[in-house]
Amino acid sequence: MSLVLSSGMLLSAADGLTYPAKNPRIGYHNLLTAATTILTSTTVPPGMEKENLTDYFSWTYWRSANYPATLTIDAGSAQDVDYVGIAGHTLFSDQSSVKVEYSTNATTWTECVSPFYPASNAPLMFIFSAVTARYFRVTLAAVGGGTLPAAIGVLNIGQTLVIPHSLYVGHTPITMRKITDIRPNKTEAGQWIGRSVIRRGNSASVELTHLSADWYRSNFQEFVDHAINYPYFFSWRPDEYPREVGFGWTDEDIIPQLTGPGDMMSVSFEITGIAQ
Amino acid sequence: MSDESTLGREPITIVELDQDFCTREYGLSPCTAAIGVTGSFKCYNTRKTCQDSANYSVDSHGFTNSLTISFTQPRANLQAAPGEIGTLFPTLIDVSSRPSEINIEDGLGTRASVTITLRDHPYHDRYVDPYWQTRGIDAINLGTFWSKWLRRNPYYQGRAIRIRDGYIGQLLGDMRTRHYVIENIEGPNASGEIRITAKDPLKMTDGDRAVAPLPSSGSLLADINAAAVSATLAPTGIGSTYPASGTARVGEELVTFARSGDVLTLVRGQGNTTAEDQEAGSTVQVCLVYQDEAIADALYDLLVGYTDIPATSLPKTDWDETALTWLASFNLTGVITQPTSVKKILTELLQTSMSYMWWDEVAQEVKWDAIHPPLQTPQELNEDQHLIQNSIAFTAKPEDRVSQVWVYFAPILQTKDLDKPSNYKRLRVYADTDAESVQEYGQKSIRIIYARFFDETNDGEVIALAARTLARNRDTPRIAAFSLDAKDRAIMPGDVVELITRDLIDENGYPESQQYQIIRRDETEAGHLVQYVALPYTFLYRYAYVMPDGSADYDGDPPDRAGYISQNDGTMINDDDAYRII
C-alpha cells in the first residue's frame, strides 16, 4: 500500500483535520522509542544491535549479518502511523531495497512502503495515509550485486505533524542549502591543481505564520518539547518533492509570537542536519 | 574510489585509539569474577575494573591492543566505503600536529607530536561495554563518554593511536596513516572538550623512560683495597642479576670481572683508570661496552635492548644496507659507565657517524640514513605544476655554515669529562681556508665534535666525518619552505627533491634547479595541503663510485656517479677536479 503522493491530494492528520499533501510535515513521533515497544531483529554482528536505531545517533547502526534482514516492531497496542523516516543509512551504497509492512496480528502483513531502492544515502521520509496497527516490519532485500545488508542509523515510525500552511516565498529547501567548505589550490604560476570539499551538512529556516494559537498549543508545542532533546525529520513539500527531506535538529529554543488580531501565532526555527 | 588526485575530493580524518580490552568473558572460566563475590557489578574488560587480575588477559600494549575506538569530524556524509561502516564517533574537533624534524647535525632531530581535540558527549556504552545488555542501568544518562572512559581506562599512556587522513569513499587501508603513542589525556574541560597528546615512539628514548646501561642494584659487601682481585656483591643473591662476565664501574674505577654467584673475580684499573681502595656499599655498576661495534648494530641494540620501541618498527635490514654503503668502516669502541639517557647516547652515535634518525609516522618505522649524495634522480617540483602560490620562502642560516671541523677522539677516561678537550688523546682539525679568506666569508666558523666512540684506530673515519661535514656545510645554507597540494603528499622527510623556482637562478639569471632534502613535513590541512621545509642537498666536489677495473679512460663526460683515479697532481687528465674518497 505504498503511496505515491500527488499534488492536490488531501491527507488526514493527527489533529483530525485534512490537509493538502503539499503541506510541510515534521516526523518526530516515533514508536521505536516508546517504553512498551519491543524490537526483534535478524542476527546482527557485534556493535550493530537493533537498539542503535533508538538512540537518534545517525552514526550508530543496525545491520543484519545476512539477508533476509528484518526488524519487527511490536508497539504493544494498535497505533496510528503515517510515516517512516530513515537516516544515516547505506541503502544506496550497499545496494539494498527497503520495504515496510504493518499487521494487526503479526501474521498477515500489508505493505505501507513498497520495496524502494534510493538513489543516494540521503535521509528518506515515506508518508502515506494513516494506518492503525500494532506490528510493523522493516525488510531489506538485495538489489543487483548487493551482498551485505545495508546499515541504518535512525529509523522513525509514527505519525507526522502536518503544518496547516504551505511554505512558499523565502524558504530554501533543506537539500539545497548546503554547508560546504570549498578549498581550491593553485600553483605559483597560477595553474589550478586541485580542490577539496568538506560537506558539513545542510540547513533550513522554517518560518510559519498565521497559526491558530489553539493549534499551536495542541499540536506544535509537543514538537517543540521534543526538539529540545532530539532530532527529527522534515519534509517541506511531500507531494511534489518527496526526496527533499532532512534529518536534523534545532540548536536554539523555538519561541512563538502572537501576531495580529484573532489569536494567531507565528514561529520560526532553524534546522541543521543531514539531507544528502 | 576517491583519492588525492580526485577532483572535488572530500578529505576525512579518522583517529583510532587502541584501548586495552581483556579477552576473557566475565565469570566464564578462567575468569573467576562473580557479582556479589568479587564485585557489585560486572567489569568493563579493562584492567582498572578487573575483578580477577590473575586472569586478566590482553595483548602487550603499544601496537597490538584489542579494542579500537574511532573518531571523525561531524559531517554530512559519514559513511565509509561499502562494507566498512562501523562505530565512528563524530566528535573530532581538531587534529593539530607538530611534525618531527630531521636534524642533520644533531642526528636525532625533534619529536613529532599531535594534539587531538574531541567533544565529550552522552553515550550508552554499547561499543565499549560488552555487558551493556545485562547491566540494567540507563548508561546514556549516567556520566559522559569520556568521564566514564577515563575512569575505566586510567592506563592509557604508551598505547597506540593512529590518524588516518583519507577521502570519503576510500578504504581505510588506503588512507595515509600516521602512528603515535599516547602521552596524556586531559579533560573533559568546562567546554566539554577532551585533549589527547601523542608523540612519536622515539619519545621512548628520553632519559626519564630509557637509560643504558640499566642501573645495577649490587654493591660491595666489604671494603676492598687497591690490590684486591675479588669482591663479594651484596645483598645475598644479587649476583644472579649480573652477567657472568663484563665490565663494571666502582667509584671512579673501571674493572673487568668474572662472576660466580655473588663473588666477582676482578681485573682492576681498566680503561686508563687507577685501582683504588673502594668502600663497602659502593655500587658495582655494570657498563655497556662497545668494542669495534658496527654502527648499525649499536643503534639497533640500544633501541631494542633499552627502550619500549618494538623491534618491528626498526628496519634493521635497511640500516645494514645504509651502513654497508656509507659507513662500512664506522665501527665504534667505547664504554658507557653509568645509566645514561638513551637519547643522549643515540645523539652521540649519530653525530659521530654523520647520520641521522627520525620517526616515519606513515611507514611506522624508525628511519636511519647517513649523509651521502642522492642515489636516484629526485622528483622535480616546479612553479607550474607543484608549488602552491605564495608558499615559497627561502631563509639563510649563516649560523649553520662551517669552515673548520675539530674532531676530538680517543678519550683518555670513559668515566668523566667526555665533553672536555683535556680528556682526549687526539685532535684533528680540518679547515677550508678558501671559505675563510677575505675574498669569501672572511671569518671562521668552527664546529667541534667529541667523538667518544672513536679510538686511535679510527683516523680514517675521523677524516670522513670531517670531510662530509665540510662538504655539506661549507656554504651558508638557504632553507626552503613551500607547500604542495595533497596530490604530491607522498613526498616524505628524508626524500630529496629538485626545486625549480624563480628564486633559484645562476649568476646570469637563468633558472637553475637545486636539490633539497625534506627535513619537515606538516599536513596542515589534512588531505588538502602539505607544508614542507627542506635543506639544500649540496655536496662540494664530485662524488662517485670508483670505476671498476677495465673501464674506459676518463673523457670528461663519465657515466653518472662514475669516479676515476686522478693524476699525481690531483687533477684529471683534462684538468677537472679530482674525485675524493670519503
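Structural remarks
- Looking only at the stretch B:87-110, and only at residues there that are crowded, with 20+ Cβ neighbours inside 10 Å and under 23 Å from B:SER341 (Cα atoms), the one that is nearest to the other protein chains (Cβ to nearest Cβ): B:PRO99
- In the set B:ALA323, B:ALA328, only one residue is without any contact (Cβ under 8 Å) to a residue 60 or more places away in the chain and surrounded by fewer than 22 Cβ atoms within 10 Å (Cβ to Cβ); that residue is B:ALA328.
- The lone exception for B:SER422 - which of (1) surrounded by 15 or more Cβ atoms within 10 Å (Cβ to Cβ); (2) free of Cβ contacts under 8 Å to residues at least 12 places away in the same chain; (3) not aromatic (Phe, Trp, Tyr) it fails: (1)
- Count of the stretch A:59-80 residues which are surrounded by fewer than 24 Cβ atoms within 10 Å (Cβ to Cβ) and either β-branched (Val, Ile, Thr) or within 11 Å of another protein chain (Cβ to nearest Cβ) (or both): 3
- B:ASN103 falls short on exactly one of the conditions (1) at pLDDT below 95; (2) within 30 Å of B:TYR516 (Cα to Cα); (3) in a strand (DSSP E or B), and that condition is (3).
- Number of residues in the stretch A:104-124 that are farther than 15 Å from A:THR90 by Cα and surrounded by 17 or more Cβ atoms within 10 Å (Cβ to Cβ) equals 3.
Residues checked against (1) modelled with pLDDT of 90 or more; (2) farther than 20 Å from A:GLU270 by Cβ; (3) at the interface with chain B (Cβ under 10 Å from one of its Cβ atoms):
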{"site": "A:HIS171", "(1), (2), (3)": "yes, no, no"}
{"site": "A:THR180", "(1), (2), (3)": "no, no, yes"}
{"site": "A:ARG183", "(1), (2), (3)": "no, yes, yes"}
{"site": "A:GLY190", "(1), (2), (3)": "no, yes, yes"}
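- Only one of B:ALA486, B:ALA481 that is within 14 Å of another protein chain (Cβ to nearest Cβ), at pLDDT 90 or above and touching a Leu at 6+ places or on another chain (Cβ under 8 Å): B:ALA486
- Restricting the search to strands (runs of 3 or more DSSP E) fully inside the stretch A:206-260 and requiring at least 1 residues that are closer than 17 Å to A:GLY27 by Cβ gives A:232-235, A:245-249.
- The residues of the stretch B:496-513 that are at pLDDT 90 or above and more than 13 Å from chain A (Cβ to nearest Cβ), listed by number, are B:VAL496, B:VAL497, B:GLU498.
- Test: B:TYR532 is of a type outside the set (A, V, I, L, M, F, W, C), within 23 Å of B:THR13 (Cα to Cα), at pLDDT 90 or above and assigned to a strand (DSSP E or B): yes
- Strands (runs of 3 or more DSSP E) enclosed by the stretch B:354-431 - at least 1 residues per element that are touching an Asp or Glu at 6+ places or on another chain (Cβ under 9 Å) and within 14 Å of another protein chain (Cβ to nearest Cβ): B:379-382, B:393-396
- Residue within the stretch A:141-157 that is at pLDDT below 95, closer than 23 Å to A:TYR56 by Cα and outside the structural domain of A:PHE57 (by TED's automatic domain parsing) present: no
- Given (1) modelled with pLDDT under 85; (2) in contact with a Lys or Arg (Cβ under 8 Å, 6 or more places away or on another chain); (3) hydrophobic (A, V, I, L, M, F, W, C), number of the condition B:LEU78 does not satisfy: (2)
- The residue list B:ALA275, B:ALA280 contains one member that is in a loop (DSSP other than H, G, I, E, B) and touching a Gly at 6+ places or on another chain (Cβ under 6 Å), which is B:ALA275.
- When B:PRO235, B:PRO213 are checked against the criterion of being more than 30 Å from B:LEU327 (Cα to Cα) and either modelled with pLDDT of 95 or more or loosely packed, with under 14 Cβ neighbours inside 10 Å (or both), B:PRO235 stands alone in meeting it.
- In a residue-by-residue description of the stretch A:108-123, the property of being away from chain B (no Cβ under 14 Å) and closer than 30 Å to B:HIS121 by Cα applies to no position.
- The requirement of being within 14 Å of chain B (Cβ to nearest Cβ), in contact (Cβ under 8 Å) with a residue 40 or more places away in the chain and either hydroxyl-bearing (Ser, Thr, Tyr) or buried (at least 19 other Cβ atoms within 10 Å of the Cβ) (or both) is not satisfied by A:GLY194.
- Residue check for B:ILE491: touching a Pro at 6+ places or on another chain (Cβ under 9 Å) and either at positive phi or at pLDDT 90 or above (or both): no
- Which numbered condition B:ASP432 fails, given (1) crowded, with 20+ Cβ neighbours inside 10 Å; (2) among the acidic types (Asp, Glu); (3) at pLDDT below 90: (3)
The values are calculated or read from the model by the stated rules, or taken from the named source; none is laboratory data. This is a predicted model, so every value here is computed, not measured. No Cβ is skipped: glycine too gets one built from the backbone with ideal geometry, and neighbour counts run over all protein chains shown.
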